[in-house]
Amino acid sequence: MFRFITSRFLQSLLALFLVISATFFMVRFVPGGPFTAEKAVTPEILRNLEAHYGLDQPLWRQYLDYLGSLARADLGPSFKYPNRTVNEIIADKLPASAELGAISLGIALLVGITLGTFAAVRRNTWIDYTASSFGMMGISIPTFVVGPLLVLAFAIHLGWFNASGWYYPEDRVLPALVLGLAYAAPISRLTRGGMLEVLHQDFIRTARAKGASEFRVVTRHALRGGLLPVVAYLGPATAGILTGSFVIETIFQIPGIGREFVNSAFNRDYTLVLGTVILYASLIMALNLIVDIVQAWMNPKVRLEG
Amino acid sequence: MARPHRPVLPLLLSLALLSHGCSRQEPAATRVDANGDARQVLLAGNGGEVQDLDPQTVTGVPEHKVIMALFEGLVTEDPKDLHPVPGLAESWEISPDGRVYTFRLRANARWSDGEPITAEDLVQSFRRIISPSLASEYAYLVYNFVAGAKEYYEGRLQDITQVGFAALDARTFLVTLENPTPFLLKIMASHYSWWPVPVRVISRHGPVDQRRTAWTRAGNLVGSGPFILKEWLPHRRIVVARNPHYWDAATVRLDEIHFFPTEDISTEERMFRTGQLHLTNELPNTKIDTYRKEFPEALRIDPYLGVYFYRCNVARPPLDDRRVRKALALAIDRESLVRNVTRGGQQPAYAITPPGTVGYTPRAQLTGDLAEARRLLAEAGFPDGRGFPTVELLYNTSENHRAIAEAIQQMWRRNLGVEISLLNQEWKVYLDSQHTKNFTLQRGGWIADYLDPHVFLEIWESTSGNNDTNWAHPEYDRLLHAALAAPSEEERYEIYQQMEAILVEELPIIPIYHYMRVRAISPAVKGYYPTLLDNHPYKHVWIEN
């Protein structure tokens, strides 16, 4: 176990380094820069700007400088927001995304696993059809349609919520519902698939033969194996949901990191692009590691090896 | 648009969901509703998130809207037509040669921390914006006009005291210009690059001539305008509150303004409908007809000083031929375009400068019918469009630009037999293509920074960094400089008429329409007059309950 984690950690570190290097050079080769504007600045002003941010140095030098500051956990200044550092922006924006993500994930797991389990247990009944239609709809209707529809119904017509914002506790309800249901849909399908497979296996038949109640068969015996596909999916999904959704954050004006992730690329805010990529990559790697450990615990056939 | 009371159930539900972390998110300012709140708090959609609030380092419109509340220039804008009126200076004199401006500061002009604003403060402030290490993007709006400033910025002059800013005594401030600049007061009133900043305060937060210091954060920022910065939650809101030290505090009627960073215009419109905003920054085109029918009292369409055009790369065939450019320009049915496609009340453009730009309306107009267009095209060697190469039209990715491009593509196909292809690029890629002149035909737009026709004519000077057409016309360049030296405004405008005539004849750019500003605004908001720059001096705005 310890060897497994150490070796995976070292692998992740190498992967992270490659991701950082690739991103660093890729954003530089995209046309346009942080100071490209409709009203062009004069050449002498541009020179001073580039000197201020060290962009007048050769690229390899900038790359080494960046790695140097990374080693000191300094993600550098933002180009777009001159009086904020990338560290500050992430510290400021991540909590909102993570909070929304955590609530949404709770909704997604609760709704998704419940529906998926019922659908599998009551296979080919109206319950299954209802749950499966929900799954299909949730996957195929994008959040930028569901979001404004919920706002129209609950904010504009009923007046229960604000149309957007992140000021008061009730402002969390609509975005968390939209995001949660979007993730509930694939979870319910994965749960149904996983459960169907498990419910046909011998140990379930044995449990039933021993007279265990259906409830006990499902919760104590089937779920553990049936949820394996969900757990595999949850690694990257959790990283995605915690680091924010560009669409949801834009529709609901949520001050989250998801918007920075996309907008920084549009703004050519080189350091903020890198900062958000590093955050996202580290989270994915960490969560995948956790998923592997959890899977080994859930499925005795899996062995952790370095 | 009345709003029912909030029922308790969803509130409880959400409280239960979120029993943790709520106090951290709860903002300092209290809850306000745009409908029926008794206090004078204006809730305004502000477009994007502001970059910063330092008037000497920002560039955008959202920044301008907040900075207008926090800072004021020596002269400021009249609320109805934006002409320069006394601001921090109570009076000024202009020397007979138009090169020396002497400003008399108000005795009660104070920074928002209560310290008096002195002539020496102004000298320090203007020296800051022209310091190369600050790398202010708008520094050229100062150093292009002030004596010695450009030499200083470019390092050819070392002694800053040689630059044309001087304090004669505590209340007398002098600006000496390189050339008479007839529109200087208009720039000073409307553009924040000319508004003083408190160098004494900035120096407490780091080097004065460096960007990226913390002086603009809430609690640190000291300004000179009718409001002070109370709260700045990035991507949430900016709250400004009445400044008791403002020289004209008695005129200010609003207690607070809350600026909301509304990046998504559909979301902004929904916020307006639920009473989260008194006014929006924009309104989606698709909503205009609905508002006309359902809430006409909340729909505002005001002229906005800008021009939408197609930029020709005159170094590339077939647009190197003036006759081709003119044929294309004549074959656009602008009336139909603004009526059916843009639909926001835009004015068809037959010249570059919008008509009625502070007393100037271009006489030269693009005239000619389709027969003329076809004749010109045939003369250029493309009768009925035969042999015309496929020209690529570049625009930045956006539904609106695409709709306009498709309509014009169809007009040219039908009227001239000419085929163009459409290419869209992401904003910065598109700008890069523009500035490196890597296009044949490109959508462009220009919005005035201050109220003068000069804004629209200076860009086509051959050396201008925003020309980007490869078009160079020595006579045009000569006239531009002659205009600046013209002894009176009438004579200056007369020179502009000649320049406009050259543009309409040469057409390095094809004018399409003049902008309008479309927004939703609560009828309770008063003193928010239609102005050509969409500037609305907040001290004259109030809410009628």
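Overview of results
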item	result
Restricting the range B:198-217 to residues that are within 12 Å of another protein chain (Cβ to nearest Cβ) and in a loop (DSSP other than H, G, I, E, B), the residue that is nearest to residue B:120 (Cα to Cα)	B:209
Counted residues, the range B:138-176 - those being loosely packed, with under 14 Cβ neighbours inside 10 Å and among the small types (Gly, Ala, Ser)	1
Scan of the range A:262-306 for residues that are among the β-branched types (Val, Ile, Thr), within 14 Å of chain B (Cβ to nearest Cβ) and either in contact with a strand residue (DSSP E or B) (Cβ under 9 Å, 6 or more places away or on another chain) or open to solvent by 30 Å² or more (accessible area, probe 1.4 Å) (or both), ordered by number	A:262, A:271
Filter result for residue A:128 (part of a helix (DSSP H, G or I), among the acidic types (Asp, Glu) and open to solvent by less than 20 Å² (accessible area, probe 1.4 Å))	yes
Residue tally, condition among the charged types (D, E, K, R), more than 11 Å from chain A (Cβ to nearest Cβ) and open to solvent by 30 Å² or more (accessible area, probe 1.4 Å), over the range B:443-466	2
Test result for residue B:469, open to solvent by 40 Å² or more (accessible area, probe 1.4 Å) and either closer than 23 Å to residue B:393 by Cβ or touching an Asp or Glu at 6+ places or on another chain (Cβ under 8 Å) (or both)	no
Some residue of the range B:496-511 being open to solvent by 10 Å² or more (accessible area, probe 1.4 Å), within 22 Å of residue B:183 (Cα to Cα) and under 25 Å from the mean Cα position of the chain (by Cα)	yes
Filter result (farther than 22 Å from residue B:186 by Cβ and open to solvent by 10 Å² or more (accessible area, probe 1.4 Å)) within the range B:48-61	B:48, B:49, B:51
Any hit, the range B:236-257, residues being at the interface with chain A (Cβ under 7 Å from one of its Cβ atoms) and not aliphatic (A, V, I, L, M)	yes
The range B:414-441, residues that are within 12 Å of another protein chain (Cβ to nearest Cβ) and either assigned to a strand (DSSP E or B) or farther than 26 Å from residue A:29 by Cβ (or both)	B:425
Some residue of the range A:137-151 being within 21 Å of residue A:237 (Cα to Cα) and aromatic (Phe, Trp, Tyr)	yes
Out of B:66, B:61, B:8, sole residue that is within 14 Å of another protein chain (Cβ to nearest Cβ) and modelled with pLDDT of 95 or more	B:66
Those helices (runs of 4 or more DSSP H) lying entirely in the range B:61-152 with at least 1 residues basic (Lys, Arg)	B:61-70, B:119-129
Condition met for residue B:231 (under 30 Å from residue A:252 (Cα atoms), among the charged types (D, E, K, R) and either touching a strand residue (DSSP E or B) at 6+ places or on another chain (Cβ under 7 Å) or away from chain A (no Cβ under 14 Å) (or both))	yes
Every pair of residues 6+ apart whose Cβ atoms lie under 6 Å, when the first sits in the range A:60-74 and is on the phi < 0 side of the Ramachandran plot while the second is open to solvent by less than 90 Å² (accessible area, probe 1.4 Å) and in a helix (DSSP H, G or I)	A:63/A:24
Unmet criterion (only one of (1) touching a residue at least 40 places away in the same chain (Cβ under 8 Å); (2) within 14 Å of another protein chain (Cβ to nearest Cβ); (3) touching a Ser or Thr at 6+ places or on another chain (Cβ under 9 Å)) for residue B:471	(2)
Check on residue A:144, of a type outside the set (A, V, I, L, M), within 14 Å of chain B (Cβ to nearest Cβ) and open to solvent by 60 Å² or more (accessible area, probe 1.4 Å)	yes
Given (1) open to solvent by 30 Å² or more (accessible area, probe 1.4 Å); (2) within 14 Å of another protein chain (Cβ to nearest Cβ); (3) more than 30 Å from residue B:288 (Cβ to Cβ), index of the condition residue B:484 fails	(2)
One residue from B:73, B:45 being under 23 Å from residue A:81 (Cα atoms) and assigned by TED's automatic domain parsing to the domain that holds residue B:529	B:45
Helices (runs of 4 or more DSSP H) completely within the range A:167-228 that count 2 or more residues being within 14 Å of chain B (Cβ to nearest Cβ), surrounded by 18 or more Cβ atoms within 10 Å (Cβ to Cβ) and out of contact with any Lys or Arg (no Cβ under 8 Å at 6 or more places or on another chain)	A:173-199
Restricting the range A:155-166 to residues that are facing chain B (nearest Cβ under 8 Å) and in a helix (DSSP H, G or I), the residue that is nearest to the chain's Cα centre (by Cα)	A:155
From the options B:380, B:371, B:407, residue that is more than 30 Å from residue B:188 (Cβ to Cβ), touching a Pro at 6+ places or on another chain (Cβ under 9 Å) and surrounded by fewer than 22 Cβ atoms within 10 Å (Cβ to Cβ)	B:380
So residue B:193, is it of a type in the set (S, T, N, Q), within 26 Å of residue B:241 (Cβ to Cβ) and part of a helix (DSSP H, G or I)	yes
Criterion: free of Cβ contacts under 8 Å to residues at least 60 places away in the same chain, surrounded by 20 or more Cβ atoms within 10 Å (Cβ to Cβ) and closer than 26 Å to residue B:440 by Cβ - qualifying residue of B:330, B:319	B:330
Test set (1) within 11 Å of chain B (Cβ to nearest Cβ); (2) in contact (Cβ under 8 Å) with a residue 12 or more places away in the chain - residue A:241 fails condition number	(1)
Residues being among the charged types (D, E, K, R) and open to solvent by less than 10 Å² (accessible area, probe 1.4 Å) - total across the range B:423-442	0
For residue B:459: the one exception among (1) of a type in the set (A, V, I, L, M); (2) closer than 16 Å to residue B:309 by Cα; (3) touching a residue at least 24 places away in the same chain (Cβ under 8 Å)	(3)
Condition check for residue B:262: under 20 Å from residue B:345 (Cβ atoms), within 23 Å of the chain's Cα centre (by Cα), touching a residue at least 60 places away in the same chain (Cβ under 8 Å) and within 13 Å of chain A (Cβ to nearest Cβ)	no
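The values are calculated or read from the model by the stated rules, or taken from the named source; none is laboratory data. Being a predicted model, the structure only gives us computed values, none of them experimental. Neighbour counts are summed over all protein chains in view; Cβ atoms, including those assigned to glycine, are modelled from backbone coordinates with ideal geometry. Heads up: the accessible areas ignore ligands, DNA and RNA and are worked out on the full protein's heavy atoms, side chains in. Shrake-Rupley method; radii C 1.70, N 1.55, O 1.52, S 1.80 Å.
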